[in-house]
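Since the structure comes first, as structure tokens, the remarks are kept for the end.
The values are calculated or read from the model by the stated rules, or taken from the named source; none is laboratory data. Fair warning: this is a prediction, and the values are worked out from it, not measured in the lab. So basically every Cβ, Gly included, is an ideal-geometry build from the backbone, and we count neighbours across all protein chains shown. Just so you know, the surface numbers come from the protein's heavy atoms only, side chains and all, with ligands and any DNA or RNA stripped out. Shrake-Rupley method; radii C 1.70, N 1.55, O 1.52, S 1.80 Å.
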Amino acid sequence: MIEHIVALLMFVGLDIKEHRIQESMSVCLKHRREATRVPAPNVQYKCIKSKAELEKNIDGSYSIKSLILE
């Protein structure tokens, strides 16, 4: 299923290593601020609004299968 989402992305170098669906942009920015409090070399966090292909987990929640960047 393809949906519009807000996601928090973790970059290590130039690669996306982790992505999480967020409720809203303000929640995403809050989590980004919290994540950047612990400095790590070569790690950056970004919040984006994008389309994504989602898959349903066994517990009924959704996870990002792939991002559709336009």
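What residue, of 70, 3, is acidic (Asp, Glu) and in contact with an Asp or Glu (Cβ under 9 Å, 6 or more places away or on another chain)? If you could, list the steps in order and put the result at the bottom.
Working: 70 fails: in contact with an Asp or Glu (Cβ under 9 Å, 6 or more places away or on another chain).
Result of the check over 70, 3: 3.
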**Request:** For residues that are touching a residue at least 40 places away in the same chain (Cβ under 8 Å) and either of a type outside the set (Val, Ile, Thr) or open to solvent by 40 Å² or more (accessible area, probe 1.4 Å) (or both), tally how many sit in segment 41-54.
**Result:** 7
**Message:** With in contact (Cβ under 8 Å) with a residue 24 or more places away in the chain and open to solvent by 100 Å² or more (accessible area, probe 1.4 Å) as the only criterion, which of 2, 16 stands out?
**Reply:** 2
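So, in segment 55-67, exactly how many residues are more than 15 Å from residue 18 (Cα to Cα) and open to solvent by 40 Å² or more (accessible area, probe 1.4 Å)?
Of segment 55-67, the ones more than 15 Å from residue 18 (Cα to Cα) are 55-61.
Then drop every residue that is not open to solvent by 40 Å² or more (accessible area, probe 1.4 Å), which leaves 55-59, 61.
Selection size over segment 55-67: 6.
Go through segment 18-47 and give me each residue that's assigned to a strand (DSSP E or B) and within 8 Å of residue 8 (Cβ to Cβ).
Here is the first cut: in segment 18-47, the residues assigned to a strand (DSSP E or B) are 18-22, 43-47.
Selection gives 19, 20, 22, 45, 46, 47.
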